[in-house]
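Below is one structure, written out as structure tokens; comments come after it.
The values are calculated or read from the model by the stated rules, or taken from the named source; none is laboratory data. Keep in mind that this is a model prediction, so the values were computed, not measured. Positions of Cβ are generated from backbone atoms using ideal geometry, with glycine treated the same way; all protein chains shown enter the neighbour counts. Heavy atoms of the whole protein, side chains included, go into the accessibility calculation; ligands, DNA and RNA do not. Shrake-Rupley method; radii C 1.70, N 1.55, O 1.52, S 1.80 Å.
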Amino acid sequence: MAGNVTPEQVAAVSKLGTIVGDGHTHAGDVFVVPIDGKDYSSANQFSPQDISIYKNTLTETGGKKVDSGYGKPVVGYVATPDGGLREYSPGVSNSSNSGKVDAGGVPIKNYDVPVAKDFPSDPASKGLRLNNIPPTTMPNVLPNGFSLNDYTKRY
């Protein structure tokens with residue numbers, strides 16, 4: 001389970017309704033690597049751990065199976081530094097190839113093709129950016145407790 005959310009907290013939230021999905025973000029691109037004249041970054045795709053969490057097959061060192069905290073497979077979303085949103089649906093998404101390849105010539109899995117391309121993108125993503133929406137664009141309605149005085153812009 002990502003972040004600092006415990007299985008006990010998930011169980012408490014589950015009493016309020018049915019958990020059907022989870023979303024998270026991948027941090028800004030810090031390791032964009034040029035391969036054959038094209039940029040590549042593993043931040044713009046689901047990690048193997050992400051997939052394991054959403055399939056509820058997370059394993060721990062030593063091969064011990066550990067529940068993801070949800071107790072079942074859930075739909076997963078990841079917002080990536082290139083400005084895309086990816087979706088993984090256990091039982092629906094599979095590891096088949098999308099027909100596209102990354103800069104290294106490795107086939108892109110169907111769940112790593114963006115389902116949306118209009119999220120803010122990191123200028124450090126260079127040629128991988130799907131748009132030119134700056135990451136400093138603030139939403140019209142700020143989250144509760146968010147103060148512009150407490151946070152500085154990176155760019």
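Residue count for the range 15-30 under the criterion of being more than 18 Å from Asp112 (Cα to Cα) and within 22 Å of the chain's Cα centre (by Cα): the result is 4.
Residues that are of a type in the set (S, T, N, Q) and open to solvent by 60 Å² or more (accessible area, probe 1.4 Å) within the range 1-13 comprise Asn4, Gln9, listed in sequence order. Within the range 10-21, is even one residue part of a loop (DSSP other than H, G, I, E, B) and either in contact with a Phe, Trp or Tyr (Cβ under 8 Å, 6 or more places away or on another chain) or closer than 22 Å to Gly105 by Cα (or both)? Yes, the range 10-21 has at least one match. Selection within the range 14-32: residues that are exposed (fewer than 12 other Cβ atoms within 10 Å of the Cβ) and not hydroxyl-bearing (Ser, Thr, Tyr). The member of this set that is farthest from Ser121 (Cα to Cα) is Lys15.
The criterion of at least 1 residues that are at pLDDT below 85 is met, among strands (runs of 3 or more DSSP E) falling completely within the range 59-155, by 97-101, 107-109.
Among residues of the range 31-57 being under 18 Å from Val113 (Cα atoms), part of a loop (DSSP other than H, G, I, E, B) and hydroxyl-bearing (Ser, Thr, Tyr), the one that is nearest to the chain's Cα centre (by Cα) is Ser47. Would you mind stating whether Asp122 is open to solvent by less than 20 Å² (accessible area, probe 1.4 Å), among the acidic types (Asp, Glu) and touching a Ser or Thr at 6+ places or on another chain (Cβ under 8 Å)? For Asp122, the condition - open to solvent by less than 20 Å² (accessible area, probe 1.4 Å), among the acidic types (Asp, Glu) and touching a Ser or Thr at 6+ places or on another chain (Cβ under 8 Å) - is not met.
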